[in-house]
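The values are calculated or read from the model by the stated rules, or taken from the named source; none is laboratory data. From a predicted model like this one, the values you see are computed outputs, not experimental measurements. Virtual Cβ from ideal backbone geometry, glycine too; neighbours counted across all protein chains shown. Note: areas computed on protein heavy atoms with side chains; ligands, DNA, RNA excluded. Shrake-Rupley method; radii C 1.70, N 1.55, O 1.52, S 1.80 Å.
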Amino acid sequence: MISNSGDFYAIIPAGGTGTRLWPLSRASRPKFLYDLLGEGRTMLQATFDRLAAVAGADHVAVSTGRVHAQAVRGQLPELGPDALFAEPVPRDSTAAIALATAILAKRHGGDIVVGSFAADHVIRDNESFAESVRQAVAAARAGYVTTIGIAATRPSTAFGYIHQGHSLSSEIPDAPSARLVRRFVEKPDAATALAYLSTGEYRWNAGMFVMRADVLLDRLRAYKPSIAETVDLIADAALKGPEAFDAAMDEHWAGVEKIAFDYAIAEPLSLDGGVAMVPGGFGWDDIGDFNSVAALLPSVNKKNVKVLGDADRVVHLDSAGDVVAPESGRMIALLGVDDLVVVDTPDALLIAPRARSQEVKDMVAHLRAIGRTDVL
């Protein structure tokens, strides 16, 4: 646990539907509710465990949709009775993080430090993660909105990047690895990603942010005053009890601007010199598609076939590099097929080249466009 961690609160935004993992991930049961790696804990549970070890279980809150609130409660019985913030409709990460922060600040004071950590990330080496969070908290106490930058191990076009600047170690002795952030950059093309990697000055943006509550809410008022006003109103209602909170959410939440935290706060603040970065010396993946899942699963044979689920339900002959999820309960037989994604569920079957894993979201959009929301 972080030294002097009484002022640190962790927020888990548990939203999104994981469209690149369809038909496994659905609107009614998104990917964070699954144990995608067969480790005995779902992604949400693993995230909670990791943060509870750093901040204490009573200092962890979850922001999710109302449709998922019961499932979240079922998976996290340790979650405090007033530590689940349920949204009637999704409004993206700025609103979710700001509302949880505003409520926590009204309960515990504006000088608390809050950290936002997505529910669907895979972290290897929890001790190294805890050290990065410890330094991020120290930088946050010094007034910076602080992100944790992941070492870029390949020229990925799937992630945004952080361009790191000079060291802040002399300014923040308790965060010797902290550096100023020059800017955030969008997902690049392959050539640009390779150029970033060659400089050694760029890290992947994992969307982890740690900051003092008053700093965040002050910047929100400056950059997005309408969101700040609505969030403050709903946070006041939350102090009156769950019924008042739900009523305020029903009345005001749908009108909140839908915008990611990076765009609303992190990017403009970085240009003003207000964002710090602590390197994350741990393995990380956001499991954005079936290729990401495959990279984290062991092979079931010498030809690199990966199985998500019961490997006894997959038979392969002269096949290599496939990723298979036998979720329907029936046998899947692969004959002479290479580098495919095969996801078999009771009501939908996906077959696609692994190279097009990122495009599964386009199939979801197509199904929605033709009215097949029954399988989404």
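Taking a probe of 1.4 Å, how large is the accessible area per residue of the stretch 171-261, in Å²? Walk me through the numbers on the way to the answer.
Details: 4630 Å² over 91 residues.
For the stretch 171-261, the solvent-accessible area averages 51 Å² per residue.
Need one number: convex hull volume per residue for the stretch 212-254, Cα atoms only, in Å³.
Working: hull volume 2.7 nm³, N = 43.
With only Cα atoms used, the stretch 212-254 gives 63 Å³ per residue.
Measure nothing fancy, just the Cα-based angle from helix 92-108's long axis to the longest principal axis of the chain, in degrees from 0 to 90, nearest 10.
Taking the Cα atoms of the chain, the angle to 92-108 is about 40 degrees.
Report the antiparallel proportion of the DSSP beta bridges in the chain as a percent, rounded to a multiple of 5. Spell out each step's value before the answer.
Values: 28 of 58 bridges.
In the chain, approximately 50 percent of DSSP beta bridges are antiparallel ones.
For the stretch 204-216, in order, what is each residue's ³J(HN,Hα) by Karplus, 6.51 cos²θ - 1.76 cosθ + 1.60 with θ = phi - 60°, in whole Hz (x at glycine and Pro)?
6, 8, 8, x, 9, 9, 10, 6, 5, 4, 5, 5, 4
Please list, in order along the stretch 137-147, the HN-Hα scalar couplings obtained from phi with the Karplus expression 6.51 cos²θ - 1.76 cosθ + 1.60 (θ = phi - 60°), rounded to whole Hz, x for Gly and Pro.
5, 4, 5, 5, 4, 7, x, 8, 6, 10, 10
Under the rule of at least 5 residues apart or a separate chain, name every residue whose amide H is placed under 5 Å from the amide H of residue 275.
181
Nearest 10 degrees, 0 to 90: what angle lies between the long axis of helix 66-75 and the longest principal axis of the chain (Cα atoms)?
Here the helix axis deviates by roughly 80 degrees.
Tell me, what HN-Hα J-couplings in whole Hz come from the Karplus equation 6.51 cos²θ - 1.76 cosθ + 1.60 at θ = phi - 60° for each residue of the stretch 272-281, using x for Gly and Pro?
Residue by residue, the stretch 272-281 yields 9, x, x, 10, 10, 10, 10, x, x, x Hz.
What do you reckon, how do 35, 111 stack up by accessible area (1.4 Å probe), largest on top?
The ordering from most to least exposed comes out as 111, 35.
Please list, ordered by chain and number, the residues whose modelled amide H lies under 5 Å from the amide H of residue 334; skip anything fewer than 5 residues away on the same chain.
Placed amide hydrogens put 315, 316, 317 under 5 Å from residue 334.
Report, in deg cm²/dmol and to the nearest 500, the calculated mean residue ellipticity at 222 nm for the chain, where each DSSP H run with n ≥ 4 adds -39500 (n - 2.57) and the sum is divided by the residue count. The partial results should precede the final answer.
Values: 11 runs with 124 residues, N = 376.
My calculation for the chain gives -10000 deg cm²/dmol from helical runs alone.
Which of the lysines could a cross-linker bridge to residue 306, judged by Cα under 22 Å and excluding same-chain residues fewer than eight apart?
31, 361
Please work out whether the stretch 37-142 counts as rounded, prolate or oblate from its C-alpha gyration tensor, where a ≥ b ≥ c are the square roots of the eigenvalues and a/c under 1.5 means rounded, while otherwise a/b larger than b/c means prolate and anything else oblate?
On the way: a/c = 1.68, a/b = 1.03, b/c = 1.62.
Judged from the Cα gyration tensor, the stretch 37-142 comes out oblate (a/c at least 1.5, b/c at or above a/b).
Mind putting a number on the dipole of the stretch 21-159 about its Cα centre? Charges go on the C-beta only, +1 for Lys and Arg and -1 for Asp and Glu, and I need it in Debye to the nearest 20.
On the way: 14 positive and 13 negative charges, 70 e Å.
Here the size comes out at about 340 debye.
Mind pulling up the Rg/Rh value for the stretch 112-249? Radius of gyration and Kirkwood radius, both on Cα.
Details: Rg = 17.7 Å, Rh = 17.0 Å.
With Rh from the inverse mean 1/r over Cα pairs, Rg/Rh is 1.04.
Over the Cα atoms of the chain, Rg to Rh with Kirkwood Rh, two decimal places?
Details: Rg = 21.1 Å, Rh = 21.6 Å.
Here the Rg-to-Rh quotient is 0.98.
Just the C-alpha atoms of the stretch 170-212: what Rg/Rh do they give, with Rh taken as the Kirkwood radius?
Details: Rg = 13.2 Å, Rh = 12.7 Å.
Answer for the stretch 170-212: 1.04.
Does the stretch 239-376 come out rounded, prolate or oblate, given a ≥ b ≥ c as the square roots of the eigenvalues of its C-alpha gyration tensor, rounded meaning a/c under 1.5 and, failing that, prolate meaning a/b above b/c? Each step should come with its number before you reach the end.
Details: a/c = 2.52, a/b = 1.65, b/c = 1.53.
Here the stretch 239-376 falls in the prolate category.
Please label the shape of the stretch 195-299 as rounded, prolate or oblate, based on the square roots a ≥ b ≥ c of the eigenvalues of the alpha-carbon gyration tensor (a/c under 1.5 means rounded; beyond that, a/b larger than b/c means prolate, else oblate). Write out the running numbers ahead of the final one.
Values: a/c = 2.75, a/b = 1.59, b/c = 1.73.
Verdict is oblate for the stretch 195-299.
Let me check I've understood the local charge: for residue 45, count other residues with C-beta under 10 angstrom from its C-beta, Lys and Arg +1, Asp and Glu -1. What total comes out? Walk me through the numbers before you get to the answer.
Values: positive: 41, 50; negative: 35, 39, 49, 78.
The answer is -2.
Can you give the % of DSSP beta bridges in the stretch 268-371 that are antiparallel, to the nearest 5?
Working: 6 of 17 bridges.
Within the stretch 268-371, antiparallel bridges account for around 35 percent of the total.
Quantify, in whole percent, the carbon and sulfur part of the accessible surface of the chain (1.4 Å probe; protein heavy atoms only).
Values: 8140 of 16030 Å².
Whole-percent figure for carbon plus sulfur exposure: 51.
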